[in-house]
Amino acid sequence: MPVLSILFSSMIHTPASIIAIDGPAASGKSTLGRLLADSLGYIFFDTGVMYRAVTWTALQRGLNPSDETAVSSLAQQIQIDVLPASKDDGRACDVLVEGQDITWETRRPEVDANVSQVSAYRGVREAMSRQQRRIGLRGKVVMVGRDIGTVVLPEADLKIYLDASAQQRARRRYDEIRARHGQAEYETVLAGVVERDRIDSTRDVSPLRAAADAIIINSDSMTADQVFARVLELCK
Ligand code: DC
């Protein structure tokens, strides 16, 4: 390679093309992911909505969430689409199952209560991870979840593990519910967060953990803007 090309290639910084953001429930991953994707012109993909879509559909169809075989088979059959938001009602994206918009249904308390169990099933994870990987490999994507850096896209250019205390995360989730005029008790939300942490991090398949090469950020004493500024710097 000519000397000038070597010089230029060492001076040009290509931004990370696949950005993986993992971490526990309500740690601010989606807010961060959305801001990053917007500022880089990348696709934002919150993979948790796929597990929520399976959970909601299973409940709708009267399946018992404890029935691993039935729920896994459902996950392998239904068509889930995650598309750019078609409405300006606070949604990050549209979530469709068999063409039906179930975006807000995926946020219901009964989904919160069952999604960790459903997402621990091997059959469910295999079906979801395959689709997520195919989308992620196209690049220019910010993908958010629990196992993106460890399992779905271990080749990601930048891996962030966003953490915060259970109390701080429960407070944020509680404020979100209240902002949407929902009913909630802080103590109940906290108990839910702690229980989901337990299930997500102790499951046999793809448990929640930081990849060895992830950059760990604890957002307890940081605002969303500060976290965003820090990660944007890392991207570039
Ligand atoms: O981020 P969230 O709360 O919407 O995630 C919902 C559930 O899905 C949560 O219990 C963990 C699970 N999940 C997962 O196991 N793997 C992912 N990549 C994303 C979410």
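The values are calculated or read from the model by the stated rules, or taken from the named source; none is laboratory data. Predicted, not measured: the structure shown is a model, and the values here were computed from it. Using ideal geometry, Cβ is built from the backbone for each residue, glycine included, and neighbour counts are taken over all protein chains shown. SASA here: full protein model, heavy atoms, side chains in, ligands and nucleic acids out. Shrake-Rupley method; radii C 1.70, N 1.55, O 1.52, S 1.80 Å.
Structure values in brief
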{"quantity": "Interatomic Cα distance distribution for the chain, bins of 10 angstrom, percent", "calculated": "7, 31, 38, 17, 4, 2, 0"}
{"quantity": "Between helix 109-118 and the chain: long-axis angle, C-alpha atoms, 0 to 90°, nearest 10", "calculated": "70"}
{"quantity": "Additional length obtainable on full extension of the chain from D101 to A113, 0.36 nm per residue less Cα span", "calculated": "2.2 nm"}
{"quantity": "Approximate spin-label separation L137-D88, in nm, with each point projected 7 Å along Cα-to-Cβ", "calculated": "3.8"}
{"quantity": "FRET E, pair Y186, A212, Förster distance 35 Å, beta-carbon r, rounded to 0.05", "calculated": "0.50"}
{"quantity": "Accessible area of the chain divided out per residue, in Å², using a probe of 1.4 angstrom", "calculated": "51"}
{"quantity": "Sulfur and carbon atoms: percent of accessible area, the chain [1.4 Å]", "calculated": "52"}
{"quantity": "Relative contact order for the chain, counting Cα pairs under 8 Å that sit 6 or more residues apart, in percent", "calculated": "31"}
{"quantity": "Proximal charge balance of Y121 [Cβ under 11 Å; K/R count +1, D/E count -1]", "calculated": "-1"}
{"quantity": "Protection proxy ranking, peptides 123-136, 160-173, average beta carbon neighbours within 10 Å, highest first", "calculated": "160-173, 123-136"}
{"quantity": "Net charge of Cβ neighbours under 9 Å - reference A75; Lys, Arg +1; Asp, Glu -1", "calculated": "0"}
{"quantity": "For region 70-80, 3J(HN,Hα) per residue [Karplus equation, 6.51 cos²θ - 1.76 cosθ + 1.60, θ = phi - 60°, Hz, x = Gly/Pro]", "calculated": "5, 5, 5, 5, 4, 4, 7, 9, 6, 9, 10"}
{"quantity": "Inter-centroid distance (Cα atoms) of region 13-92 relative to region 191-228, Å", "calculated": "16"}
{"quantity": "Within the chain, helix-based [θ] at 222 nm, where runs of 4 or more DSSP H residues each add -39,500 (n - 2.57), nearest 500", "calculated": "-15000 deg cm²/dmol"}
{"quantity": "Inter-label distance, nm, simple model (7 Å from Cα along the C-beta direction), I78/D220", "calculated": "3.7"}
{"quantity": "Point-to-point label distance, E155-R198, nm (Cα→Cβ direction, 7 Å offset)", "calculated": "3.9"}
{"quantity": "Rounded to the nearest 20 debye, dipole of the chain from Cβ charges on Lys, Arg, Asp, Glu", "calculated": "280"}
{"quantity": "Descending Cα extents along the principal axes, region 101-158, whole Å", "calculated": "35, 24, 18"}
